[in-house]
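A.B. asks: One structure, pasted below without further comment.
The values are calculated or read from the model by the stated rules, or taken from the named source; none is laboratory data. This structure is a prediction, so every number in the text was calculated from the model and none was measured. Ideal geometry is used to build each Cβ from the backbone, glycine not excepted, and the neighbour counts take in all protein chains shown. Accessible surface is based on the protein model in full, side chains and every heavy atom, while ligands, DNA and RNA are left aside. Shrake-Rupley method; radii C 1.70, N 1.55, O 1.52, S 1.80 Å.
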Amino acid sequence: MDAQQRRLATLLGHFETRKQPSASRVPASANYSGASAVSSFDAEELRELLEHDNHEMRAALKRLMLDDSFVPRYDMELREERDLALERLKKICLAGFASVRDFRTNPLRVFAAHEVAAFCDPSMATKMTVQFNLFGGTVLKLGTAKHHDMLLKPMDTLEQVGCFGLTELGYGNNAVEMATTAHYDPQTQEFVVHTPNTLASKYWITNSAVHAHWCVVFAQLYTKGVNHGVHGLLVRIRNDDMTVCPGVRIEDMGHKMGCNGVDNGKLWFDHVRVPRAALLDAWSQ
Ligand SMILES: Cc1cc2nc3c(=O)[nH]c(=O)nc-3n(C[C@H](O)[C@H](O)[C@H](O)COP(=O)(O)OP(=O)(O)OC[C@H]3O[C@@H](n4cnc5c(N)ncnc54)[C@H](O)[C@@H]3O)c2cc1C
């Protein structure tokens, strides 16, 4: 058989629907004649194995997602698709399936919620991971009691939505060299958060284009002219009525190839003053 014939035989093989498994891999007892092959293992057992943990919670979340609002929808306006992702996430949150505090008590529950949510709507799962993992997890881990008291509860209910401002246009994987600054002003006990140039704009920031009230802004932190490296600060970017806060500029990044329920944005800060307490100071008081 020459190369072309071999190629043709391979291609024909792709169209063959009743391909027999090779004899060497087939146990003598196997029956491939139809339904009995399907029932030759316990599907429930396989599901238990694949799902690994938090089985009851996963089953309950799947039941919740039988609700009409989780039925797949297509050809939506961008704004509608994003709002739908948030609305679905809110249903999951209000039913108690996700909590930032799970990172302390049962971290696998957070990941189980992500896995199940992504079956239905990957945009919703992305918004979930930014709210609970990137934003919430950072506030939990890098923040202290004052930040937790203010935000952990409304985070869980999505009353306060957050985003995570690490990446800059000029600094992705090399985020440690980022150019956003936070200068401490001892007179007013405030930090001045500033985007000094275009490369320092926060870029791709999930949840920022439409839904976020808060951003954990990572910046080079300066006191008395000394650079103390990258630190995270809690910066309010939208008021409760969703108007953008003074000094903050947000640009919607618009349509993407997929996951258009995720609102990605670019952010600029023009000498935005935040109180000293905005510094996430678990390790840097
Ligand atoms: C849909 C989406 C949502 C996002 N959401 C957020 C968010 O919420 N918050 C946030 O802060 N960021 C967010 N990001 C940004 C994301 O974290 C960055 O895209 C990522 O960190 C990579 O940075 P970059 O795009 O600048 O790529 P670059 O760092 O420029 O990398 C480009 C390519 O070069 C390679 N590369 C870079 N450096 C090296 C090296 N030293 N050695 C070898 N290879 C290298 C990379 O692997 C990659 O293939 C989001 C991005 C997307 C696409």
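A.B. asks: Are there any helices in the chain, counted as whole DSSP H runs, that stretch 20 Å or more along their axis by Cα and score at least 0.5 on average by Kyte-Doolittle, and if so which?
C.D. replies: Values: long enough: 78-94 (24 Å, -0.44); 107-120 (21 Å, 1.05).
Within the chain the helices that satisfy the rule are 107-120.
A.B. asks: To the nearest 20 Debye, how big is the dipole of the stretch 53-156 about its Cα centre, given +1 on the beta carbon of each Lys and Arg and -1 on that of each Asp and Glu?
C.D. replies: Values: 16 positive and 15 negative charges, 95 e Å.
So the dipole magnitude of the stretch 53-156 works out to roughly 460 debye.
A.B. asks: A further question on this structure: Any idea what the alpha-carbon Rg over 2.2 N^0.38 Å comes to for the chain? Let's see the in-between values first.
C.D. replies: Details: Rg = 24.8 Å, N = 285, 2.2 N^0.38 = 18.8 Å.
Working it through for the chain, the quotient is 1.31.
A.B. asks: Per the Kirkwood treatment, what hydrodynamic radius in Å, one decimal, follows for the stretch 53-156 from the mean inverse distance over all distinct Cα pairs?
C.D. replies: On the way: mean 1/r = 0.0706 Å⁻¹.
It is 14.2 Å.
A.B. asks: If you average the sequence gap of Cα pairs under 8 Å that are 6 or more apart and divide by the length of the stretch 64-163, what percent do you get for the contact order?
C.D. replies: Values: 84 pairs, mean separation 30.3, N = 100.
Answer for the stretch 64-163 is 30 percent.
A.B. asks: Sticking with this structure for a sec: Could you sort 186-194, 154-162 so that the peptide with the highest average Cβ count within 10 Å comes first and the rest follow in order? List each step's numbers first, then the result.
C.D. replies: Working: 186-194: 15.9, 154-162: 19.6.
Ranked by mean Cβ neighbours within 10 Å, highest first: 154-162, 186-194.
A.B. asks: Net charge near LEU66: determine it from the other residues with C-beta under 15 Å of the C-beta of LEU66, scoring Lys and Arg +1 and Asp and Glu -1.
C.D. replies: On the way: positive: ARG58, LYS62, ARG63, ARG88, LYS91; negative: ASP67, ASP68, ASP121.
Once positives and negatives cancel, what remains is +2.
A.B. asks: Right, another one. So if I take the centroid of the Cα atoms in the stretch 242-285 and the same for the stretch 83-121, what is the distance between those two points in Å?
C.D. replies: 22
A.B. asks: Take every Cα pair under 8 Å in the stretch 162-278 that's 6+ residues apart, average their separations, divide by the length, and report that relative contact order as a whole percent.
C.D. replies: Working: 280 pairs, mean separation 35.8, N = 117.
31 percent.
A.B. asks: Another question about this same structure. So, with +1 on the Cβ of K and R and -1 on the Cβ of D and E, and no other charges, what is the size of the charge dipole of the stretch 174-285 about its Cα centre, to the nearest 20 debye?
C.D. replies: Numbers: 9 positive and 10 negative charges, 24 e Å.
In debye, rounded to 20, the stretch 174-285 gives about 120.
A.B. asks: Restricting to lysine pairs 8 or more places apart or on different chains, what number in the chain have Cα atoms under 22 Å apart?
C.D. replies: Taking the chain as the scope, the lysine pair count is 17.
A.B. asks: A further question on this structure: Let me have the relative contact order for the chain, percent, based on Cα pairs under 8 Å that are six or more residues apart.
C.D. replies: On the way: 448 pairs, mean separation 46.5, N = 285.
Dividing the mean separation by the residue count of the chain yields 16 percent.
A.B. asks: For MET128, tell me the accessible area in Å² from a 1.4 Å probe, rounded to the nearest 10.
C.D. replies: Around 0 Å² of this residue is reachable by solvent.
A.B. asks: Related question: Divide by every residue of the chain the summed helix terms, -39500 (n - 2.57) for each DSSP H run of at least 4, and state the resulting mean residue ellipticity at 222 nm, rounded to the nearest 500 deg cm²/dmol.
C.D. replies: Numbers: 10 runs with 97 residues, N = 285.
Helices in the chain give a 222 nm mean residue ellipticity of -10000 deg cm²/dmol.
A.B. asks: With charges set only on the Cβ (+1 for Lys and Arg, -1 for Asp and Glu), what does the dipole of the chain come to about its Cα centre, in debye to the nearest 20?
C.D. replies: Details: 31 positive and 34 negative charges, 94 e Å.
Using only the charged Cβ atoms, the result is roughly 440 debye.
A.B. asks: Now for a separate question. Leaving out ligands and nucleic acids, note down the accessible area per residue over the chain with a 1.4 angstrom probe, in whole Å². Kindly include the intermediate steps, with their values, before the conclusion.
C.D. replies: Values: 16120 Å² over 285 residues.
Accessible area per residue: 57 Å².
A.B. asks: What does the net charge come to around SER284 if you take all other residues with beta carbon closer than 13 Å to its beta carbon, with K and R at +1 and D and E at -1? Can you show the working numbers first?
C.D. replies: Numbers: positive: LYS141, ARG276; negative: ASP281.
Net charge in that neighbourhood comes out at +1.
A.B. asks: When a/c reaches 1.5 or more, the comparison of a/b and b/c decides; with that in mind, is the stretch 160-285 rounded, prolate or oblate per its Cα gyration tensor?
C.D. replies: Working: a/c = 2.01, a/b = 1.47, b/c = 1.37.
In terms of gyration-tensor shape, prolate.
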